[in-house]
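Structure record follows, encoded as structure tokens.
The values are calculated or read from the model by the stated rules, or taken from the named source; none is laboratory data. What you see is a predicted model; the values in this text were computed from it and never measured. Cβ placement follows ideal geometry from the backbone for every residue including glycine, while neighbour counts extend to all protein chains displayed.
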Amino acid sequence: MNGRMHNYPGRKWLKHESLWSEEEIRPHLPETELFSADSFTRMVDKHPVVFLKPDLGMKGQGVIKVTKDGDDIVVRTATSTHTYTTPTAAARKLEQLIGTQRYLVQQGVDLIRIKGHPIDFRLLLHLKSNREWRFFGVMGKVAARNRFVTNHARGGKALGLPQALSHAFGITKEEEAEWDDRMKQVALRIAKAMKKHFPNITELGLDVGIDTSERIWLIEANTRPHYQLFRHHSDPTLFRKIVTSVRALRAQHFRKLPAKSV
């Protein structure tokens, strides 16, 4: 990865490989491989649910969910569902759907839910002038009806961390504070590792899931994150602070760009 220290590394596989090399972060990472017929078969044998994701993609576009239904393999896209009797047959169909794009195959996480709808969380961090990360907070996203991705652009609904955890675990006020701190500490460890591998990054939006055993998983690390979800935060001043910080960081980035020759 030498020479690839991008401001905004977009490839999911590059970011996964970088974080997988960090022993402290590895417990938070779902098992992930580059898609092939062989890797798909291995993953389906090991996990009841796997997701296929484009290596370059955003807003949940192109994500495919694969589940087991008895002896059958069910392949679900945003618009269709296909059922196959063997992993080999499912892999052939996936190769047709994917074509020449590079995809990842990733262990599915048993996310906490509200009324059957999966929830994940966006954790937002910006780099401060003293080169320390500022943690802005957490917002939850619950998937829309009949959707398996939680992205706001795909109809996902915003909710706060306390509301999500209250539905999932019935937590107390004291436990809310403990969870908030736990999420913050995980976010800061991931941010430190990302900065080590990609020194130019100044923003991070971490998509994080909590499973039914209360384990925290990193689903994706976004280095040019959207932050509109934080309009719905319980602190009405937070969104304005985020906007101000984003403008300052991005203005600083453009000032550093080399001038174009005329």
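Can you tell me which residue in region 119-144 is nearest to Arg215 (Cα to Cα), limited to those that are out of contact with any Gly (no Cβ under 8 Å at 6 or more places or on another chain) and modelled with pLDDT under 90?
Arg131
Any chance region 97-106 includes a residue that's of a type in the set (D, E, K, R) and modelled with pLDDT under 95?
No, the conditions are met nowhere in region 97-106.
Would it be correct to say that Ile98 is in the same structural domain as Ser39 (by TED's automatic domain parsing), in contact with a strand residue (DSSP E or B) (Cβ under 9 Å, 6 or more places away or on another chain) and in contact (Cβ under 8 Å) with a residue 40 or more places away in the chain?
yes
In region 37-51, is there at least one residue being part of a loop (DSSP other than H, G, I, E, B), in contact (Cβ under 8 Å) with a residue 40 or more places away in the chain and either farther than 27 Å from Val186 by Cβ or of a type outside the set (A, V, I, L, M, F, W, C) (or both)?
The first filter runs over region 37-51 and keeps only residues part of a loop (DSSP other than H, G, I, E, B), leaving 47-48.
Next, only the ones that are in contact (Cβ under 8 Å) with a residue 40 or more places away in the chain stay: 47-48.
This time we only want the ones that are either farther than 27 Å from Val186 by Cβ or of a type outside the set (A, V, I, L, M, F, W, C) (or both), so: 47-48.
Checking region 37-51: at least one residue is part of a loop (DSSP other than H, G, I, E, B), in contact (Cβ under 8 Å) with a residue 40 or more places away in the chain and either farther than 27 Å from Val186 by Cβ or of a type outside the set (A, V, I, L, M, F, W, C) (or both).
Hey, among Ile73, Ile112, which residue is free of Cβ contacts under 8 Å to residues at least 60 places away in the same chain, more than 28 Å from Lys195 (Cα to Cα) and in contact with a helix residue (DSSP H, G or I) (Cβ under 7 Å, 6 or more places away or on another chain)?
Every option except Ile73 fails the conditions.
Six or more apart or on different chains, Cβ under 7 Å: which pairs go from a residue in region 14-36 that's under 20 Å from Ala91 (Cα atoms) to one that's assigned to a helix (DSSP H, G or I) and of a type in the set (Ser, Thr, Tyr)? Could you list them?
Glu33/Ser39
Considering Val109, Val74, which residue is within 26 Å of Ala143 (Cα to Cα) and under 22 Å from the mean Cα position of the chain (by Cα)?
Details: Val74 fails: under 22 Å from the mean Cα position of the chain (by Cα).
After ruling out the rest, the residue left standing is Val109.
Out of all the residues in region 176-193, which are in contact with a helix residue (DSSP H, G or I) (Cβ under 9 Å, 6 or more places away or on another chain) and either within 17 Å of Trp217 (Cβ to Cβ) or exposed (fewer than 15 other Cβ atoms within 10 Å of the Cβ) (or both)?
If the condition is that a residue be in contact with a helix residue (DSSP H, G or I) (Cβ under 9 Å, 6 or more places away or on another chain) and either within 17 Å of Trp217 (Cβ to Cβ) or exposed (fewer than 15 other Cβ atoms within 10 Å of the Cβ) (or both), then Trp179, Met183, Val186, Arg189, Ile190, Ala193 are the ones that fit.
What is the one condition in (1) in contact with a strand residue (DSSP E or B) (Cβ under 7 Å, 6 or more places away or on another chain); (2) surrounded by fewer than 17 Cβ atoms within 10 Å (Cβ to Cβ); (3) assigned to a loop (DSSP other than H, G, I, E, B) that Gly62 does not satisfy?
Every condition holds for Gly62 apart from (2).
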